[in-house]
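Here's the structure we're looking at; comments come further down.
The values are calculated or read from the model by the stated rules, or taken from the named source; none is laboratory data. The structure displayed is predicted, hence computed values, not measured ones. Note that each Cβ is placed from the backbone with ideal geometry, even for glycine, and that neighbours are counted across all protein chains shown.
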Amino acid sequence: MNVTSTFKGGELMIDPTEIIEAELPSTAIKSLRASYYFMGSLLGRFGRATVTFPGGDNIGPRPIDQHIKGFEALGAKVREENDTVYITADDGLKGARIFLDMVSVGATMNIILAAVHAEGTTILENAAREPEIIDLATFLNNMGAQIRGAGTDVIRITGVPKLESKNTHTIIPDRIEAGTYLALAAAQGDGVLVKNVIPEHLESFTAKMIEMGVQLDVREDSIYVPKSENLTPIHIKTAPFPGFATDLQQPITPLLTLADGESVITETIYPERTRHIPELQKLGVAIENPEYGQITVTKSNNFHGASVAAAEIRAGASLVTAGLMADGITEVTNAEHVLRGYDHIIHKLTMLNADIQIAED
């Protein structure tokens, strides 16, 4: 697409000055779930987009019908053929009132990306409220967009003809990564400080840890996790933000094995997100999937090392934590899933005195 970019020292610089329309490589698109954001971005920029169906983690059906509903409401025509989505708006995009049939982070973001260039005002109702949506709105507003209400369930977007980069944008900390390390620290640590955290983004998660008996010390931008003992079982029900994030139900699972009794997880977002269960069972974890969308975890002693496979990012995170809790050596295959979701995870865990390394083929 003739866009130049550089990434150095954690800073990404993008120069789209000479951007052109071009077909996106299907192989790259299929490997990344977030690639579907090209739909809204390209539709807003060029009035059309051709995007291969996105890939990403296999955690069950993740339809894009709400994305399509939003694009069509803005005046676009959408055609699906084989594994490709063709979106055109020959007469331009027009602001509209859109009500999402279900709360969807991806659809909310994609509609915002398209609507920032639509003529008039778009009102998006039943919008997702995740912190990442606020961050996106802040990023776009700093470039001249007019977005109001991000973080609530009603977002208003008044279209503008052009966006212009003016300031450096600092992305918010990854709350899922932070939550994963909090759970790991409680399960295996002996006093761990997790830094660069926005505690308000993790309140539903930390509330459950505290309910278990973990004595968290929540500070302004960090959370200290002491050695945890005498934990009690809990019930978790995943929900859109500000509820318990679906991406954290797997990372917290190893911690639940230390509670004295049975914990229950009800997965309402992706009920088929259970591919970690048979792998954890290989390590000696007492975990079951008694019915669709429900997981039970019972106190488990004497984990033992085994060879397990990471089916996706968060499943892999749960296996890494359980492996650190187990006696003997645990080998996690398909480790690329973990590595793409957790930046420098080997280095960070090694700094905590974990015995972990990338195995050579």
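Residue-by-condition table, conditions (1) closer than 14 Å to LEU202 by Cβ; (2) in a loop (DSSP other than H, G, I, E, B); (3) among the small types (Gly, Ala, Ser):
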site	(1), (2), (3)
LEU136	no, no, no
MET143	no, yes, no
LEU163	no, yes, no
PRO173	yes, yes, no
GLY179	yes, no, yes
ALA185	yes, no, yes
Checklist entry - Is there a residue being under 13 Å from TYR181 (Cα atoms), of a type in the set (Val, Ile, Thr), in contact with a strand residue (DSSP E or B) (Cβ under 7 Å, 6 or more places away or on another chain) and in the same structural domain as HIS337 (by TED's automatic domain parsing) anywhere in segment 227-245? => result no
Next on the checklist: For the structure I just gave you, tell me whether GLY191 is within 16 Å of the chain's Cα centre (by Cα), of a type outside the set (S, T, N, Q) and outside the structural domain of ALA34 (by TED's automatic domain parsing).
Outcome noted: no
Next on the checklist: Pairs please, first residue from segment 268-293 and touching a residue at least 60 places away in the same chain (Cβ under 8 Å), second anywhere and of a type in the set (D, E, K, R), Cβ atoms under 7 Å, 6+ apart in sequence or on different chains.
Outcome noted: ARG273/GLU267; ARG275/GLU312
Item to check | strands (runs of 3 or more DSSP E) contained entirely in segment 275-361, each with at least 3 residues that are touching an Asp or Glu at 6+ places or on another chain (Cβ under 8 Å) and modelled with pLDDT of 95 or more | outcome: 294-298, 307-309
Checklist entry - Among the residues of segment 247-262, is there at least one that is touching a His at 6+ places or on another chain (Cβ under 8 Å) and farther than 30 Å from THR152 by Cβ? => result yes
Checklist entry - Looking only at residues in segment 27-55 that are loosely packed, with under 15 Cβ neighbours inside 10 Å and among the polar types (S, T, N, Q), which one is modelled with the lowest pLDDT? => result SER31
Checklist entry - Which residues, taken from segment 103-134, are of a type outside the set (Val, Ile, Thr) and assigned to a loop (DSSP other than H, G, I, E, B)? => result SER104, HIS117, ALA118, GLY120, ASN126, ALA127, ALA128, ARG129, GLU130
Item to check | Where a residue in segment 130-141 is within 14 Å of THR152 (Cα to Cα) and its partner, wherever it lies, is basic (Lys, Arg) and part of a helix (DSSP H, G or I), with Cβ under 8 Å and at least six apart | outcome: PRO131/ARG175
